[in-house]
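One structure below.
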Ligand SMILES: NC(=O)c1ccc[n+]([C@@H]2O[C@H](COP(=O)([O-])OP(=O)(O)OC[C@H]3O[C@@H](n4cnc5c(N)ncnc54)[C@H](OP(=O)(O)O)[C@@H]3O)[C@@H](O)[C@H]2O)c1
């Protein structure tokens, strides 16, 4: 048997291919062992050109986000099993449990939500970002979608637990409103993966990967 060839893929997963020379029935057998593939964490927001994720503080984002973004976000939501959000985002627009998703709401007061909790579908937790990541990574979830808001996004960024930021940029300026991170010292570098114009007005769906640097971990 030939030695396994290693192939590094996107820095954190590694595939091993074994080729059998002795196989008689078919020409070759390829065993593919996938090791160390960690769960991918994606942070998703819709923002204005001036970086606002709420219009003057109003939490109802769909009042101003484009139909194209709403369609894209609905599809992303429907395609995703594990979705994490902060209690403020949840309370602004509470959603019902669904067997298609595991919605995890981060709160320091999970006991206040026990009567509406449905284990495996709608859960409330006071786990830290790191504990959540470790739990779902161990469960072999392939993707965690983090849908805000700013408090939760900032906590995950500070723990270097965001792999990609998928940011819809609406060609609007609100002047005042919330940002997608809190106003504190951060130093996060990202690299553009793709950018797509999705309508005539020029709504952009941009995807960035976070360049991670453990040496400058912010606490
Ligand atoms: N434009 C967009 O794409 C978009 C997306 C999402 C949200 N939003 C908007 O953003 C607003 C909500 O954002 P937000 O920043 O105020 O709240 P948030 O991030 O949704 O929730 C923050 C709350 O989560 C709880 N929490 C639990 N663990 C935490 C941790 N490790 N770090 C921080 N918070 C933790 C705390 O509340 P308790 O412990 O008291 O429960 C905290 O006050 C809403 O207006 C929403 O509409 C916009």
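What follows draws every value from the coordinates through simple rules; no lab data is involved. It should be emphasised that the depicted structure is a prediction, and the values quoted were computed from it without experimental measurement. Neighbour counts run over all protein chains shown; Cβ positions are idealised from the backbone, glycine included.
Taking the DSSP bridge list for segment 40-213 and keeping only pairs wholly inside it, about 40 percent are antiparallel.
A simple spin-label model places the labels of residue 131 and residue 91 2.0 nm from each other, with each point 7 Å out along Cα-to-Cβ.
On the beta carbon distance between residue 60 and residue 201, with R0 = 30 Å, the FRET formula returns roughly 0.90. Between residue 190 and residue 75, with labels modelled 7 Å along Cα→Cβ, what's the label distance in nm to one decimal, could you check? Inter-label distance under the simple model: 2.0 nm. Quick one: if you stick a label point 7 Å off each Cα along the C-beta vector at residue 173 and residue 209, how many nm between them? Output for this residue pair reads 3.4 nm.
Here r is the Cβ-Cβ distance between residue 182 and residue 116 and R0 is 25 Å; the resulting FRET efficiency, rounded to 0.05, is 0.35.
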